[in-house]
Structure formats: structure tokens, C-alpha cells
1. Residue separation times 0.36 nm, minus the C-alpha to C-alpha distance between residue 321 and residue 25: what's the value?
2. Name the residues whose placed amide hydrogens come within less than 5 Å of the amide hydrogen of residue 256, ignoring near sequence neighbours (fewer than 5 apart) on the same chain.
3. Quick check: with the 1.4 Å probe, what order do 316, 292, 311, 91 take by accessible area, largest first?
4. For the chain, give the magnitude of the charge dipole about the Cα centre (Cβ charges: +1 Lys/Arg, -1 Asp/Glu; no others), in debye to the nearest 20.
5. For a Förster distance of 41 Å, can you work out the FRET efficiency between the beta-carbons of residue 314 and residue 177, rounded to the nearest 0.05?
6. Can you give the net charge of the other residues whose Cβ lies under 15 Å from the Cβ of residue 37, counting K and R as +1 and D and E as -1?
7. Order these peptides, 317-325, 190-198, by their mean beta-carbon neighbour count within 10 angstrom, highest first.
8. Given charges of +1 on the Cβ of Lys and Arg and -1 on the Cβ of Asp and Glu, with all other atoms neutral, how large is the dipole of segment 102-236 about its Cα centre, in debye to the nearest 20?
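The values are calculated or read from the model by the stated rules, or taken from the named source; none is laboratory data. Because the structure is predicted, anything quoted here is derived from the model rather than measured. Virtual Cβ from ideal backbone geometry, glycine too; neighbours counted across all protein chains shown. Heavy atoms of the whole protein, side chains included, go into the accessibility calculation; ligands, DNA and RNA do not. Shrake-Rupley method; radii C 1.70, N 1.55, O 1.52, S 1.80 Å.
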Amino acid sequence: MPQRAVVRAVERLCRDAVDERALRVAVLDLLVPELRLDAWAWLLTDPVTAVGTSPVAVVPWFSELPAQVRWKYLSPVNRWTGLRGAVARLHDATGGDLAQSDVWREVLRSHGVVDAASVVLQDRWGTWGFLELWRCAPTAPFDPHDAALLTEVAPVLTAALRRLVATAFDGPTDSAAAPVVLVLDDQLDVRAQTPQTEALLRRLLPVPPGAAPVPAVAYNAAAQLLALEAGVDVGAASARLGVGEGRWITARATRLGSDIAVVLSPATGAERLEVFVRATGLSDREGELVGHLVEGCDTREVAARMVLSEHTVQDHLKAVFDKSGVRSRRALLARALGA
């Protein structure tokens, strides 16, 4: 299919999408044959920490998933948090010496991977996801035409993902669910978990009946902690993700002796608010205004704090309502804070 036709098809999918997972599946159905992919993973990320949360993936070496996630975070080569552009090819980044990449040397090499394309979905409001696309022998490495296609669709996918993340704030307010905990070792093998953990993991990432749930967000948060400890990255070992019906949780990894504890708990109002402001595309001033409303300020107090006229505050507030899809301050705060 001509590149322009592929781009137009992606644009149509993004325009009509109402569910982020369905969008990712549909786009991959389009890109997999076009790019001759043998394996792939598309993760959502926390917009601030860039830690992965919810994957859509086909990985033939699934049993090695913990090792792959671990080495992906520990390898600085083609790390999505350090890419200078939207797309990078591992073959180019290493000058053909793929062994410079820890994840290729430790995991991918044994499965015949000849190249990987990394695509970061990032805009001025944050990082919303990244794709890892793999080719195995005898397929040739990715070429400039492949990179040009991915570069062209990356901004379209980014805008669509951010829009769909904003819809994850729709629904009832958060309930006070108890936190759940997973304990992993440094190889990301699960050593223990609380009784309620499995039910939440199944909600985060549905699996076929009888299959064990995949603790993907825990793997990613724990791997980020390892990257922090190794000096590979500086982002926090935490990630926020919507779990349906307007509910959000935060996954946070901390060191627990020789192990790693990952706690998944309801996101606080402040944690929700930061993602909400970014996902709805508010400007810095609009985000500041919402912060004053959260503190209980009325129009006059907001105007005084922001050194604006009350009329200008109302104009800003109208813009916030339009971007957030609400019609009142009460609805705005309920949607942003969840409680």
C-alpha cells in the first residue's frame, strides 16, 4: 500500500476511535503487514514519568517477558525517554553492532531479531506511549522508507492517544478501594502478592479464561526502579493509569530489602489532576486556574492570584470547560479529582 494511503487510513482510525485499546489493535493490524513485523509491543505511559502501563503486544518469546522489560529499561540505547526524534532504528543507533543494546544482547538475539524500531508518542503535554517493533531473520532491517512512515503517523497517534486518555476520566467518582501489593525480585519474578492483586491485574489487562494475569504495570514500575538505581534514567518509578468508569490507580515501586514492592492504589486527587490537565490539553495558565479552583477560590480570588480581570478569568474558564467537556466548575472538579 502506498505510504500516503497508509497514513490516511491511520488518520481515519484515529479520528473515529472511542477506545484506546481498540485503536491500538486496529492500527497494528494495518502496520504489521505494511512493515513486515514479526513481533511488537505498544504501551501506554504515564505522561510525566514515561513508565509503561498497558501493553498491546504479540511477543513469541512471551515466557521471557520479565527479562525483556527489565533489559529494555536498563539499556540506554534507543530508550524511548532519550530519543531525539519520534522514531529510531536499532540498526542505525548501534552502527550495525546490535550487541551494544542490552535488551538485544540478553533477550532478542536468541530469537533472531535483526532490527528494532522504537517510536515515542510524545507532545508538549507529555509522553503518552511508545512502540517497540521487531523484525527477525530472514527479514531485512528497517529502511528509511519504514522510518518515514512511522515518523509521519507518530504525531497523529500521539494526539489520538492523549484525547482517549482524557476520556478515562469519564464516569463515577473513585471508590476508596484498598491498595494491592506485588513483591518482585530484581529479575522481575513475582515472589508474593496480596489476595486482591489478581482481580485487579485481570481488570488492567484482560487475559483468556484460565490464563494467569500479566502484571505488566508492575514489571514496568519495578524496571524503572532498577533503571534509577543503575543511573540509566531519572524518572520516578511510578505510573498512573485509568482502569475504567472514571477510576485511576497509581503503581509505585520501592525497594524492599533485596526485593521490590509495587503498590497499586487509588490515585490521589493531585495525581489525577496532573494527568487530567495534560490529557485535556490545557495551557499553563488554564492549568494554574484549575489549581486555584481546586483550592476553593472563587472568580474574584482567582483573578487576584493570577493578576487578571474577572472577565479574563471567565474567558479562561470557558476555554477550560470546552477542552474538558464539562459545563460547570462542579463537574470540572468532579471529573478531574474523582471525589
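1. Taking 0.36 nm per residue and subtracting the Cα distance, the gain is 103.4 nm.
2. Close amide H contacts, sequence-distant or interchain: 261.
3. Sorted descending by solvent-accessible area, the residues read 311, 91, 316, 292.
4. In total the dipole reaches around 600 debye.
5. Here the calculated transfer efficiency is 0.65.
6. After counting each charged neighbour, the total is -3.
7. 317-325, 190-198
8. Using only the charged Cβ atoms, the result is roughly 320 debye.
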